[in-house]
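The values are calculated or read from the model by the stated rules, or taken from the named source; none is laboratory data. Predicted, not measured: the structure shown is a model, and the values here were computed from it. Please note: Cβ atoms are built from the backbone with ideal geometry, for glycine as well, and neighbour counts cover all protein chains shown.
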Amino acid sequence: MDHTIENIWQRFSRDLGGFILSKVNDPSLADDLLQESFVRIHNHIGSLKDETRLQSWIYQITRNVINDHFRKQEKEIRQIVTLPEASEDPDNEAMTEAVQDMIKMMDSLPPEYCEALCLTELEGLSQKEFAEKLGISYSGAKSRVQRARKMLRDMLMQCCHYQFDRYGTVTGIYPAGCCCCEE
């Protein structure tokens, strides 16, 4: 079987492009990720041990490229986010700690949910703008943001017990014996 990059491109590029587009919902980004996938395929074609597994091997490389893209995007967004400065005010300290805990836990969310929260909560996009950016329906965007908030809230509540004032401001955090509060 001939495994030159040209032959692989002719055989798989259309389907891989559609696969990538279904994950990122941005045609120009999908083209970039397709090119990156083929660069990796070219660089690692020698490591393919079982030629009958070519298609699954190519799709695994492509999935890795997509995951790397989302990881890089999450890292860049986290670097942009500035946390509130700690102060002598205990209410502000508790709120700062709660925000830090949330950002740490966002790493554990699936990439599409982390992206939803990063773009709407941290970058300030409206849910409608978020939907347009991703090329999904407005109701789909709202559902994704709501699911992401619920997932994050559930993770936070398993980790710590939060005390709130009547305005919803965090006034106290009491560890429940897990991750973020014991670092």
Check your understanding: If you take the residues in segment 1-24 that are loosely packed, with under 13 Cβ neighbours inside 10 Å and part of a loop (DSSP other than H, G, I, E, B), which one is modelled with the lowest pLDDT?
Key -> Met1
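Can you tell me which residue in segment 36-52 is modelled with the lowest pLDDT, limited to those that are surrounded by 12 or more Cβ atoms within 10 Å (Cβ to Cβ) and of a type outside the set (Val, Ile, Thr)?
Within segment 36-52, the match that is modelled with the lowest pLDDT is Leu48.
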Point to revise | Selection status of Tyr174, in contact (Cβ under 8 Å) with a residue 60 or more places away in the chain, assigned to a strand (DSSP E or B), under 14 Å from Asp101 (Cβ atoms) and not acidic (Asp, Glu) | key: no
Exercise for review: Search segment 136-160 for residues being surrounded by 13 or more Cβ atoms within 10 Å (Cβ to Cβ) and outside any helix (DSSP H, G or I), and hand back the single one that is farthest from the chain's Cα centre (by Cα).
Suggested key: Cys160
Practice item. Look through Glu93, Glu85 and report the one residue that is among the acidic types (Asp, Glu) and either surrounded by 15 or more Cβ atoms within 10 Å (Cβ to Cβ) or at pLDDT 85 or above (or both). Key: Glu93
Check your understanding: For segment 107-122, what are the residues that are modelled with pLDDT of 80 or more, aliphatic (A, V, I, L, M) and part of a helix (DSSP H, G or I)?
Key -> Ala116, Leu117, Leu119
Review point. Regarding Lys133, is this residue among the basic types (Lys, Arg), under 25 Å from Asp31 (Cα atoms), modelled with pLDDT of 75 or more and not assigned by TED's automatic domain parsing to the domain that holds Leu21?
Key: yes
Practice item. Kindly establish whether Ser28 is among the hydroxyl-bearing types (Ser, Thr, Tyr) and modelled with pLDDT of 80 or more. Key: yes
